[in-house]
1. Neighbouring Cβ atoms within 10 Å as the yardstick, rank B:105, A:118, A:23 fewest first.
2. Connecting C-alpha atoms closer than 10 Å in a GNM of chain B, tell me which of B:104, B:11, B:152 has the biggest fluctuation.
3. At 222 nm, what value in deg cm²/dmol follows for chain B if DSSP H runs of at least 4 each add -39500 (n - 2.57) and the sum is divided by all its residues, to the nearest 500?
4. Any idea what log10 I(q)/I(0) is at q = 0.16, 0.31 Å⁻¹ for region A:38-92, Debye with uniform C-alpha scatterers and no solvent?
5. For residue A:42, place a label point 7 Å from Cα along the Cα-to-Cβ direction in every copy; what are the distances to the other copies, in nm, shortest first?
6. Based on other C-beta atoms within 10 Å, arrange A:174, A:48 from fewest to most.
7. Arrange the following residues from fewest to most other Cβ atoms within 10 Å of their Cβ: B:132, B:137.
8. Helix B:144-161: angle to the longest alpha-carbon principal axis of chain B, degrees 0 to 90, nearest 10?
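Quick note: the coordinates plus some simple rules give every number you see, no bench work behind them. Because the structure is predicted, anything quoted here is derived from the model rather than measured. Cβ sites come from the backbone with ideal geometry, for glycine too, and all protein chains shown count toward neighbours.
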DNA sequence: CGCAATCCATACTCAAGCGTATGGTATCCT
DNA sequence: AGGATACCATACGCTTGAGTATGGATTGCG
């Protein structure tokens with residue numbers, strides 16, 4: 001029980017460092033990922049860090065891969081439980097729209113794309129998700145050629161939305177307005 | 001001996017530094033904006049820089065504001081020359097899609113949103129452009145409530161596209177596929 | 001011409017952050 | 001128990017890049 005809660009572990013594992021790194025990234029961006037700062041956060045010093053990782057970049061790499069694998073089974077497995085392909089897409093939109101936490105890391109990585117290490121990870125993840133959307137749109141009745149483009153458009157809209165409303169705090173949209181936006185998006189992007 | 005490719009001013013102005021900064025940003029991102037590096041690029045040293053600017057952040061600030069003002073009259077004035085509101089939007093899409101250079105800086109800033117200084121600038125620019133789109137969609141026949149959301153969706157799609165295809169080099173889309181994507185986007189987002 | 005004002009170079013200081021060296025303490029295993 | 005292994009602290013070196021001090025060069029202008 002106290003294995004993964006707050007309670008001060010006496011010793012740390014590499015995974016602990018990776019998780020802490022992801023939290024820090026979500027909060028303050030990739031640029032804030034410094035080993036001494038992280039160590040302070042975990043109540044230890046550099047000495048510990050350099051036992052687990054050879055370099056700072058190694059940590060970032062490991063953390064990113066950890067996030068990538070974690071996010072793999074997240075949305076996709078959840079959405080495949082919806083049998084009817086017609087309902088699947090709008091339902092996916094609504095669910096994604098109403099979660100919050102999972103998007104934080106993604107948004108943080110999105111606004112840190114000038115760090116070369118995150119580019120390939122984001123490329124892979126985005127690629128997979130777009131392909132997933134492509135299939136979904138085909139199953140929803142779109143001809144293949146259109147399904148690809150609609151998937152691109154949809155995922156681009158998702159990415160852009162995160163940037164505009166998460167990172168930039170464009171005029172804080174209200175809760176009702178947000179719901180209206182989501183429904184508008186569904187109506188516009190999903191074939192009747 | 002000193003006859004380089006560029007006009008080679010003998011002395012530099014603050015504006016020269018700002019322009020050079022924007023070029024550097026477009027090429028290598030905000031993170032690469034260092035005063036000694038930039039000085040080398042201009043064939044001078046730090047001594048020059050710190051005469052024109054009090055600090056590195058002052059340069060970034062000035063460069064961003066310069067970019068913001070420059071981009072102001074760029075797209076908007078050009079598009080207002082198209083009288084028919086129905087043709088205006090698809091035409092805007094096509095033009096924007098076929099330019100390249102103006103998007104480089106925007107994309108570079110987009111992937112550097114973890115630098116606090118660029119956030120307010122991008123917020124202002126994005127806000128203004130979205131409002132512009134809102135008006136355009138209203139003039140194209142959408143009811144006001146929908147026009148706002150369609151504008152948000154459209155601009156988000158633009159931002160996301162830049163991120164996915166510019167920054168991440170998602171499977172380098174071909175020229176014909178790109179045109180098809182643009183037309184698909186027009187067909188999907190612009191009311192008939 | 002000659003003196004200001006403007007622009008630039010050189011040579012520093014200083015702080016941040018990564019990485020290393022080395023020794024200490026806890027934990028496991030037999 | 002007691003050594004081996006895993007984890008951590010302290011202290012240092014090194015590099016990068018920002019900012020300062022100061023004097024030299026160039027230009028505008030009276």
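1. A:23, B:105, A:118
2. Greatest mean-square fluctuation among the candidates belongs to B:11.
3. -22500 deg cm²/dmol
4. -0.63, -1.10
5. When each copy's label point is compared with this one, the spacings are 4.3 nm.
6. Final ranking by Cβ density, sparse to dense: A:174, A:48.
7. Lowest to highest Cβ neighbour count: B:132, B:137.
8. It is inclined by approximately 50 degrees.
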